[in-house]
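The values are calculated or read from the model by the stated rules, or taken from the named source; none is laboratory data. Keep in mind the model is a prediction, meaning the values are calculated, not measured. As a convention, Cβ positions derive from the backbone with ideal geometry for all residues, glycine included, and neighbour counts pool all protein chains shown. SASA here: full protein model, heavy atoms, side chains in, ligands and nucleic acids out. Shrake-Rupley method; radii C 1.70, N 1.55, O 1.52, S 1.80 Å.
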Amino acid sequence: METGYAAVAITRLQDYCPPAYLIDSVALDVDIRDGVTTVTSSLSLRRNPVSPESTVMTFNGEGLTLRTLALDDVVLDSSRYRYENDLLTVQGLPATCTLTSVVDIEPENNTALEGLYQSNGMICTQCEAEGFRRITFFPDRPDVLARFTTTVRADKARYPLLLSNGNPVAWGDEKSHGEEGARHWVTWEDPFPKPCYLFALVAGDLACLEDTFVTVSGRKVALRLYAEHRDLDKLDHAMASLKNAMRWDEQTYGREYDLDIYMIVAVSHFNMGAMENKGLNIFNTSCVLAHPATTTDAGFQRVESVVAHEYFHNWSGNRVTCRDWFQLSLKEGFTVFRDQEFSADMHSAAVKRVEDVDFLVNHQFPEDQGPMAHAVRPEKYQKIDNFYTLTIYEKGAEIVRMQYHLLGAENFRKATDHYFEINDGKAVTCDDFVASMEAVSGYDLSQFKRWYSQAGTPILTVTDEYRDGQYHLRFRQHTPATPGQEQKQPLVIPIRLALLDEQGAPCALDAGGNGAAEGEQVVIMDQAEQTVSFNVPAGVTPSLLRGFSAPVVLDYDYSVDQLARLLAYDSDGYCRWNAAQRLYFAALDRLVTETDEADAEAAALVPVLEQVIARSDEDPAQAALLLSLPGEVALGDRHKPLNPASIHRAHSAMKKALGKALQSHWLSLSENLLATELSMDGRAMGRRQLRNLALDFLAAGEHPEAGRLAVELFELPLCMSEELGALRALVHHGLPGADQALTQFADRWQDEALVMDQWFAVQASVPGAHTVEQVSRLLEHPAFDWKTPNRVRALVGTFTNGNPSAFHAENGSGYQLFSAALSRLDAINPQVAARLANGAARLPVLEPGRKALLTERLAEVKKTASGNVVEVLGRILAS
Ligand code: BES
Ligand code: ZN
């Protein structure tokens with residue numbers, strides 16, 4: 001165990017300085033041998049014209065064993081350079097020169113999974129954000145773009161496949177050296193200058209699914225998806241998704257692919273979901289492999305959107321990249337917006353929007369309201385890995401979406417064309433993005449840009465009155481203080497609205513521009529307070545923030561009748577869903593404080609929910625969303641101080657009461673939606689989703705048929721969504737046969753890692769304090785492995801983030817398990833540990849007993865933690 005780390009330096013946006021030298025080209029030679037890999041790099045340096053006086057340059061390097069360093073082929077005397085604190089400083093450099101270094105690294109011992117590492121016998125890379133410095137010396141910053149030529153050498157039998165970015169230009173066998181087996185090499189050339197975070201290399205023995213794509217201008221691109229041989233049959237969906245994404249980006253953004261080859265490699269050990277390396281994406285197996293027998297419907301959709309996301313980065317990220325990591329949302333927020341729109345176009349746009357908003361409000365909003373709150377363009381960080389957050393991604397996407405709506409589809413497209421054209425091959429900032437929006441539209445977006453710099457979720461308070469024959473809506477905005485940002489300024493908030501009359505029909509409104517559709521108006525709020533008046537009859541119901549037009553908390557005191565009207569008649573999918581959520585929350589809130597009234601609360605909801613069920617055949621996926629209760633975590637966030645046990649009590653009482661009150665509906669949905677043959681289209685997926693939901697309610701209501709239905713489905717599933725839905729119902733409701741099903745499932749799927757992840761997750765999410773013990777036991781299960789992030793996330797991550805009544809067990813046993821796991825993981829993989837540490841972010845709002853217990857645990861972990869974990873725990877403990 002480590003005995004503590006040095007204090008972590010703070011990096012600040014205001015300190016940005018361009019590099020002293022630029023790098024025109026890099027020649028890498030990566031010689032992979034057992035135990036040690038030798039990397040030779042030749043950097044062609046050129047003094048940066050903006051710093052004409054420079055003769056000194058620094059290069060990042062972490063954990064490198066330096067063999068030799070030469071300048072223009074002359075070995076450098078040790079007085080000319082220093083390598084300390086992960087920095088190599090070389091003095092006395094001429095205006096142009098070549099710096100050659102030879103270093104040794106050990107991918108076999110790299111459990112942090114950053115830089116070059118081994119996964120199931122293959123060798124691969126992960127360089128974003130700052131992993132390249134673990135491979136060789138380099139200015140590891142996104143504003144240094146270089147042309148890479150990479151030669152990979154390795155044993156031919158163990159690593160028949162040697163890949164890097166770009167196109168293969170030369171290959172051959174190494175002349176044999178006595179004992180050693182036959183070795184070979186391949187040289188790859190990437191014609192596009194790129195920052196080193198986009199570098200990739202793979203060596204292994206992999207199966208390949210190959211296809212071609214003809215671009216809009218008629219160029220033929222080879223598409224190659226690689227995975228372990230046993231997974232070759234799980235690549236078709238990713239391939240189809242890739243081709244759809246390529247076509248969509250041509251049609252929607254006019255973006256064509258630019259190399260002759262596009263490769264994706266699936267690896268089992270990966271810290272994130274996937275990575276957009278130029279021409280050679282590397283993916284977590286969980287985000288690329290898909291087969292109906294082993295992958296849930298949600299898994300299929302995830303693969304489609306991640307494949308698209310990484311493909312879209314080829315323009316929004318690679319061709320135009322970030323100047324520094326403070327601009328991360330420039331590529332991530334924009335690319336998330338692009339992948340969201342892609343998925344919306346491929347399937348149901350209304351359902352997709354609700355899913356995205358649900359995710360944002362239930363995950364990004366809490367982040368923005370807790371100790372980790374930060375701006376979409378932060379001002380400082382300790383570890384950039386900790387800033388790949390929901391705020392950068394999801395709120396960043398909302399900021400791009402608002403610009404899309406402000407400009408309208410046509411101008412937005414002109415703006416992105418302009419952005420790609422003038423910034424191609426450059427490393428730019430969020431300001432450059434907005435500047436293109438301004439350039440084509442003529443709008444002044446300077447106030448709008450506060451969305452990038454101001455942290456926190458604005459609260460939009462709306463009141464209304466009918467006066468002098470007019471309906472008046474009064475808007476007030478207020479953003480609560482966040483850590484380090486006390487004062488907040490008014491933001492530009494686009495409020496898309498409609499007014500429904502007493503029959504639920506939209507009143508005619510003066511559209512007044514701003515992209516409003518018929519029956520809608522878009523109010524662009526830019527003051528702390530504004531009032532808008534309408535000539536409509538009395539008794540209207542305001543349908544506010546349609547499409548979730550801005551990422552704000554809406555505070556309007558809806559009556560139950562108004563919510564019922566919105567849920568029944570609103571044409572906006574988001575507003576219907578939001579109305580349902582408000583009805584559920586109101587009932588649940590009362591149960592948290594008043595208890596024992598669950599049956600009455602459920603009875604009051606029955607008429608509205610019966611309407612939803614009656615229409616469920618129109619769009620089963622949408623019905624499933626409307627019928628889903630908010631989770632315990634979301635409910636808990638409305639009650640301070642937080643006592644997760646009373647939240648759990650209220651939540652399960654409500655679920656049980658609804659299960660009973662609507663039981664005949666749940667039963668018929670469970671039976672009637674049963675498919676007889678497998679289909680993977682959107683409608684079939686929606687039906688399965690609704691069916692699983694019905695089964696869950698049926699079991700919650702203790703219906704005698706629930707067990708039989710679940711066992712039947714479990715025994716003869718058509719696909720993993722059915723099998724897992726049945727298993728979850730059995731296990732979460734403790735139905736007869738649950739233990740047997742778990743055993744059977746593990747026997748059936750022991751060789752399928754991604755399915756076994758689900759097996760761990762199902763058990764880790766059983767509500768109730770007793771689950772702590774079960775999770776402890778599972779940590780000792782032979783299939784559990786601390787070195788596989790997917791497995792750790794499935795068990796410990798699910799327990800921490802998805803099971804509040806267990807994690808927050810009153811006796812502190814959940815905290816004990818969590819803190820021990822955190823320390824253990826941190827010693828292996830600090831990045832993944834720091835993400836797990838975020839699970840403690842609700843510390844400040846916990847009731848005093850739990851707060852004291854958790855504080856003590858976290859303080860203890862922090863003493864010996866890595867820089868990554870120290871930053872996260874430091875923020876949490878300081879709040
Ligand atoms: N560039 C990221 C991957 C990444 C993130 C690498 C952090 C290193 C550190 C990639 O484009 C990405 O955003 N991946 C997401 C999935 C995506 C669909 C939002 C991920 O990995 O979760
Ligand atoms: Zn991304």
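This model, with +1 at the C-beta of Lys and Arg and -1 at the C-beta of Asp and Glu, gives the range 327-452 a dipole about its Cα centre of some 200 debye. Between the C-alpha center of the range 620-643 and that of the range 307-350 there is a gap of 28 Å.
Under a model in which nothing but the beta-carbon of Lys, Arg (+1) and Asp, Glu (-1) is charged, the range 168-254 shows a dipole of about 400 debye around its Cα centre. For the chain, the longest principal axis of the alpha carbon atoms and the long axis of helix 560-569 meet at an angle near 70°. Between Arg82 and Asp260, the C-beta separation translates, for a Förster distance of 45 Å, into a calculated FRET efficiency of about 0.60. If the segment from Glu108 to Gln251 were pulled out straight at 0.36 nm per residue, it would be longer than the present Cα-Cα gap by 47.1 nm. With K and R counted +1 and D and E -1, the other residues having a Cβ less than 14 Å from that of His269 yield a net charge of -2. Between the helical axis of 753-764 and the longest alpha-carbon principal axis of the chain there is an angle of about 40 degrees.
Both the radius of gyration and Dmax for the range 94-210 are 15.1, 48 Å, in that order, over alpha-carbon atoms. Could you tell me how many degrees, from 0 to 90 and to the nearest 10, lie between the Cα long axis of helix 349-359 and the main elongation axis, the longest principal axis, of the Cα atoms of the chain? Tilt relative to the chain: about 80 degrees. With the highest mean first, a sort of the peptides 748-759, 421-432, 568-579 on other beta-carbon atoms found within 10 angstrom per residue produces 568-579, 748-759, 421-432. The range 576-612 and the range 758-820 have Cα centres lying 30 Å from one another. Charged neighbours of Glu847, selected by a Cβ distance under 10 Å, balance to +2 (K, R count +1; D, E count -1). Accessible area per residue for the chain is 39 Å², calculated with a 1.4 Å probe on protein heavy atoms, without ligands, DNA or RNA. Built from the Cα atoms of the range 325-402, the convex hull projects on average onto 5.1 nm², one quarter of its surface area. Just to verify a number: FRET efficiency for His478 and Ser559, C-beta to C-beta distance, R0 = 25 Å, to 0.05? For R0 = 25 Å, the calculated efficiency reads 0.60. With contacts taken as Cα pairs under 8 Å and at least 6 residues apart, the range 1-137 reaches a relative contact order of 25 percent.
Within the shell of other residues whose beta carbon sits under 11 angstrom from the beta carbon of Glu379, the net charge comes to +2, with Lys and Arg scored +1 and Asp and Glu -1.
Taking each DSSP H run with n ≥ 4 as -39500 (n - 2.57) and averaging over every residue of the chain yields -12000 deg cm²/dmol at 222 nm. The distance between label points at Thr55 and Arg649 comes to 7.6 nm (points 7 Å beyond Cα on the Cα→Cβ vector). If you plug the beta carbon distance of Leu232 and Val8 into 1/(1 + (r/R0)^6) with R0 = 41 Å, you get a FRET efficiency near 0.40.
Protection proxy ranking of 774-783, 557-566, 155-164, by the mean of other Cβ atoms within 10 Å over each peptide's residues and highest first, is 155-164, 557-566, 774-783. Take the Cα of Ala614, step 7 Å toward its Cβ, do the same at Asp751, and the gap between the two points is 5.3 nm. Taking 0.36 nm per residue of sequence separation and removing the Cα-Cα distance, the Lys851/Asp468 pair yields an extension gain of 132.6 nm. Working from Cα pairs under 8 Å separated by at least six residues, relative contact order for the chain is 9 percent. Legend: translational diffusion of the chain by Stokes-Einstein, Rh = Kirkwood radius over C-alpha pairs, 20 °C, 1.002 mPa s; D = 74 µm²/s. Residue separation of Ser25 and Asn672 scaled by 0.36 nm, minus their Cα-Cα distance, works out to 226.6 nm of gained length.
In terms of distances greater than 19 angstrom between alpha carbons, the cross-link table entries Lys787/Lys851; Lys331/Lys395; Lys194/Lys426 yield Lys787/Lys851. Think of each Lys and Arg Cβ as +1 and each Asp and Glu Cβ as -1; about the Cα centre, that makes the dipole of the range 489-546 roughly 140 debye.
Carbon and sulfur atoms: what percent of the 1.4 Å accessible area of the chain do they account for?
49 percent
Roughly how many Å is it from the Cα centre of the range 827-846 to that of the range 408-479, as a whole number? Computed from Cα coordinates, the inter-centre distance equals 33 Å. Working from Cα pairs under 8 Å separated by at least six residues, relative contact order for the range 748-879 is 21 percent.
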